[in-house]
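Data block below; observations after.
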Amino acid sequence: MPRVIHFEIHADEPDRAIAFYTAVFAWQFDRFKDDTAYWLCTTGAPGTPGIDGGLVQRRGTRPEAMAAVNGYVCTIDVPNVDEYVAKAEANGGTRAMEKFAVAGVGWVAYCKDTEGNLFGLMQADPEAA
């Protein structure tokens, strides 16, 4: 069956967004071609679970605060949700939804990046209740 193989982050200020994702998750960004406003994003080592993506200059309006989600939301596997919420906030992001348990699966929280994009954080924990 078809699977998601690439994601894209839209940014008002790409350099600010790159700084955010590099500081919070240690992702690597490389400009796709010297003359484009597109960066390839590496999120982990080859052969490990997960996907890589891209970052592009936003061409429309920024998502409005408190608006309903109108696109895909990517969730990032982290070792500790509380630690990564704090890292997001320390680097200009905001908390969008407090941490909650998904029984038998783990802990989830939602944040927004410096560009207003929503993302999830998931800490695996089969004891979560």
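The values are calculated or read from the model by the stated rules, or taken from the named source; none is laboratory data. Since this is a predicted model, take the numbers as computed values, not measurements. Glycine also receives a Cβ, built like all others from the backbone with ideal geometry; neighbour counts cover every protein chain displayed. For the accessible areas, the whole protein counts, side chains as well, though only heavy atoms, and no ligand, DNA or RNA atoms are used. Shrake-Rupley method; radii C 1.70, N 1.55, O 1.52, S 1.80 Å.
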* Asked: Mind listing which trypsin sites (Lys or Arg not before Pro) in segment 59-129 are in a DSSP loop and have 15 or fewer other Cβ atoms within 10 Å?
  -> 59
* Could you work out how far helix 81-90 tilts from the main Cα principal axis of the chain, as a 0 to 90 degree angle to the nearest 10? => 40 degrees
* Give the carbon-plus-sulfur fraction of the accessible surface of the chain in %, rounded to a whole number; probe 1.4 Å, heavy atoms of protein chains only. => 55 percent
* Relative contact order of segment 15-75, defined on C-alpha pairs under 8 angstrom at six or more residues apart (%) -> 20 percent
* To do: Please give every one of the lysines within straight-line cross-link reach of residue 99, meaning a C-alpha to C-alpha distance under 25 Å, and leave out same-chain neighbours fewer than 8 residues apart.
  => 87, 112
* Over segment 12-129, calculate the relative contact order: mean separation of alpha carbon pairs under 8 Å at least 6 apart, over the residue count, as a percent. => 23 percent
* To do: Calculate how steeply helix 14-25 sits against the longest principal axis of the alpha-carbon atoms of the chain, using the helix alpha-carbon long axis, and give the answer as 0 to 90 degrees to the nearest 10.
  => 30 degrees
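Could you state, as a whole-number percent, how many of the C-alpha pairs of segment 1-94 are farther apart than 15 Å? Each step should come with its number before you reach the end.
Details: 2931 of 4371 pairs.
It works out to 67 percent of all Cα pairs.
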* Asked: Across 5 Å bins from 0, what is the distribution of all Cα-Cα pair distances for segment 41-129, in whole percents?
  -> 3, 12, 20, 23, 21, 13, 5, 1, 0
* May I ask for the Rg/Rh ratio of segment 46-95, computed from Cα atoms with Rh as the Kirkwood radius, given to two decimals? => 0.99
* **Residue-normalised accessible area of the chain, expressed per residue, 1.4 Å probe, Å²** => 63 Å²
* Structure fact -> Once the dipole of the chain is set up from charges on Cβ (+1 Lys and Arg, -1 Asp and Glu), the residue from the list 129, 1, 17 lying farthest towards its positive end is 1
* To do: Before rounding to the nearest 500, sum -39500 (n - 2.57) across all DSSP H runs of length at least 4 in the chain and divide by the residue total; then give [θ] at 222 nm in deg cm²/dmol.
  => -5000 deg cm²/dmol
* Structure fact -> Checking 56, 105, 78 against a Gaussian network model of the chain (alpha-carbon springs below 10 Å), the top fluctuating residue turns out to be 105
* Summed residue charge, Cβ within 15 Å of residue 111's Cβ, Lys/Arg positive, Asp/Glu negative -> -3
